[in-house]
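Only one structure is covered here, and it is reproduced in the block below.
The values are calculated or read from the model by the stated rules, or taken from the named source; none is laboratory data. In this text, all values refer to a predicted model and were calculated from it rather than measured experimentally. Glycine also receives a Cβ, built like all others from the backbone with ideal geometry; neighbour counts cover every protein chain displayed.
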Amino acid sequence: MFKAWVTLAIVASCFAVGTTAHEHHMDRIPEGEAVSPDPIDSILWVHILVQTLAWGVLFPTGMVLGIIRSRWHVPVQTTGSVLAIVGYFLGHKHKGRQFASNIHSAFAPSLMLLLFSQVVMGVYLKLHLERGIHGRIRKVVVKAHGIVGKLMPIATWIQMVFGGITAVGFCRGDHVGQCLAHFIMGGAFIAYGIILTILLLVGQLWLRRSGRSQEFFDSLVIAAWGCVNTFTEHRWGTAWVHNDLQHTSMGIIWWCAGLVGIWLSRKRDGRPKRNIIPGIVILLTGYAMSAHPQTLPLSNMVHSVFGYTLMGAGITRIIEISFVLKDSNAATKDGSDPSSFQYLPPFLLYASGLLFMGATEEQMQLLSDAHVTHVTYVLILYSIAFLLFLFVNMLLHLYAVHAWGMDSKSDAEAPQVNGTANGHARGSERRVRDAEEFELEGLISEDEAESPIVTKEHH
């Protein structure tokens, strides 16, 4: 296996040669266009599928396997790395549709450099060089390996978005601004939904250790984002239009409400306190977006569904805190058994984020010209949201079952010994102690770990 990693590192280092040697043919691209009218050929489709499998499925799975110190971590990451390198070269060998200079191809070398650095650090760590100066180097490499591993899913998501807009030649010229608004804010809603899912399933004890309520962090981000929106949504020195006024006022209410949420996130004695301010902000944002005027009827309907979905996320968040949990942090002590209703707010954030990312001017014009109804389009985007939600839950389940030592096949009716089933004394306490090792901002190395839960030595 070590030889395989060394070989992979050598192959990965060769991708730069392909980058400098490759020539982008653009002779069939009409003047003023970003892509040629040719169809996407089979090689490019294979590139898309292989890279989606490697970067979107295998690498995130391998990252979780590394966190739980599974022996499958290296095989999965090795397979993903090989597929990523093959897919990279396939992207330079396709025929058919031609593309002008684009951000997808420009960002690819940076993403491959992240992969190359991970391979090199992984090979070094597999050597287990711990004596002398290697003892100090190893600690740095372990930390860097963990940081880069966490950055890769974010960089992968960005590159996938770049790939989508490049494939159809969107988001150029006057469309850049609205593309940025849709993809950044839509991605932020999805990221917020993922964070809520993580905190719901495996992060409750981390919150308890932080001494803060979840709404403190939510409100802090809302206030910061509101300040940015207040001063960036209008191009100062130009005339105000209705969209500028609506976006700027939305920024103002975000930082105003965010400050209130921060204030209400603590009790008089300083202990953390739940509040519904972030839910109200999400609700008001959805209301504003549902009434946002658009040029196309299809765009109006899609934006309306997006706004209603976001309003649903805010309403269900308020219901969850006020009536399901009744201001408590979780349904159980360690948060391992959330109520079924608690899955609804994060899922609606996934769906609303995808709806907003899929509602740019050029996308709406393309669908309108193809006579695609908003119902069909919304159902497709909801289907993608379900798949993304499923994948995140599967990864968190993989982590929780192995890291917390939970056996999904345990018999609830088994004889009780020392207060726990099957004679496992203080099993709940052990799971709580193990769960407390889960840190959202970092992992611990093999040398520092007291229990085989997490390690910085893997993705």
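When both residues are 6+ apart or on different chains and their Cβ atoms are under 8 Å apart, which pairs have a first residue that lies in the stretch 164-176 and is in a loop (DSSP other than H, G, I, E, B), and a second that is among the small types (Gly, Ala, Ser)?
Correct list of pairs: Gly169/Ala34; Gly169/Ala100; Phe170/Ala34; Arg172/Ala34.
Condition check ((1) surrounded by fewer than 20 Cβ atoms within 10 Å (Cβ to Cβ); (2) closer than 15 Å to His47 by Cα; (3) touching a Gly at 6+ places or on another chain (Cβ under 8 Å)) across all residues:
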residue	(1), (2), (3)
Gly66	no, no, yes
Thr78	yes, no, no
Gln98	yes, yes, no
Ser101	yes, no, no
Ser110	yes, no, no
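Look through the stretch 80-96, keep the residues that are of a type in the set (A, V, I, L, M) and under 22 Å from the mean Cα position of the chain (by Cα), and return whichever of them is surrounded by the most Cβ atoms within 10 Å (Cβ to Cβ).
Going residue by residue through the stretch 80-96, those that are of a type in the set (A, V, I, L, M) are 82-86, 90.
Imposing the further condition that a residue be under 22 Å from the mean Cα position of the chain (by Cα) reduces the set to 83-84.
Working: Leu83: 20, Ala84: 22.
Looking at residues that are of a type in the set (A, V, I, L, M) and under 22 Å from the mean Cα position of the chain (by Cα), I get Ala84.
Report every pair of residues separated by at least 6 positions or lying on different chains whose Cβ atoms are under 9 Å apart, first residue within the stretch 333-350 and modelled with pLDDT under 90 and of a type in the set (S, T, N, Q), second in a loop (DSSP other than H, G, I, E, B) and surrounded by fewer than 18 Cβ atoms within 10 Å (Cβ to Cβ).
Ser336/Met406
When the residues of the stretch 129-163 are filtered to those that are assigned to a helix (DSSP H, G or I) and among the charged types (D, E, K, R), which remaining residue is surrounded by the fewest Cβ atoms within 10 Å (Cβ to Cβ)? Lay out the reasoning, then the answer.
Pass one, the stretch 129-163, residues assigned to a helix (DSSP H, G or I): 133-163.
From what's left, among the charged types (D, E, K, R): 136, 138-139, 143, 150.
Details: Arg136: 9, Arg138: 21, Lys139: 15, Lys143: 16, Lys150: 15.
Per the criteria, the residue is Arg136.
Report those helices (runs of 4 or more DSSP H) wholly inside the stretch 290-378 carrying at least 3 residues which are over 23 Å from Arg172 (Cα atoms). First the steps, then the outcome.
On the way: elements: 297-319, 344-357, 361-369.
Correct list: 297-319, 344-357.
Has the stretch 289-299 got any residue that is under 27 Å from the mean Cα position of the chain (by Cα) and at pLDDT 90 or above? Give the steps one after another, and end with the answer.
Our first condition is that a residue be under 27 Å from the mean Cα position of the chain (by Cα); within the stretch 289-299, this holds for 289-290, 292, 299.
Next, only the ones that are at pLDDT 90 or above stay: 299.
The answer is yes; a qualifying residue exists.
Provide a single number: the residues in the stretch 359-385 that are touching a residue at least 60 places away in the same chain (Cβ under 8 Å), crowded, with 18+ Cβ neighbours inside 10 Å and either more than 19 Å from Thr295 (Cβ to Cβ) or not acidic (Asp, Glu) (or both).
Of the residues in that region, 8 qualify.
Can you tell me which residue is surrounded by the most Cβ atoms within 10 Å (Cβ to Cβ) among those in the stretch 315-338 that are of a type in the set (Lys, Arg) and more than 23 Å from the chain's Cα centre (by Cα)? Give the steps one after another, and end with the answer.
So in the stretch 315-338, the residues of a type in the set (Lys, Arg) come out as 317, 326, 333.
Applying the additional criterion that residues be more than 23 Å from the chain's Cα centre (by Cα) yields 326, 333.
On the way: Lys326: 8, Lys333: 15.
Out of the qualifying residues, it is Lys333.
Test Gly261 against the criterion of being part of a helix (DSSP H, G or I) and in contact (Cβ under 8 Å) with a residue 60 or more places away in the chain, and give yes or no.
On the way: part of a helix (DSSP H, G or I): yes; in contact (Cβ under 8 Å) with a residue 60 or more places away in the chain: no.
In short, no.
Of the conditions (1) among the basic types (Lys, Arg); (2) assigned to a helix (DSSP H, G or I); (3) exposed (fewer than 14 other Cβ atoms within 10 Å of the Cβ), Arg235 fails just one. Which one is it?
(2)
Looking at the structure I just gave you, is Phe341 in contact with a helix residue (DSSP H, G or I) (Cβ under 7 Å, 6 or more places away or on another chain), in the same structural domain as Gln204 (by TED's automatic domain parsing) and surrounded by fewer than 17 Cβ atoms within 10 Å (Cβ to Cβ)?
Working: in contact with a helix residue (DSSP H, G or I) (Cβ under 7 Å, 6 or more places away or on another chain): yes; in the same structural domain as Gln204 (by TED's automatic domain parsing): yes; surrounded by fewer than 17 Cβ atoms within 10 Å (Cβ to Cβ): yes.
When the stated conditions are applied, Phe341 passes them.
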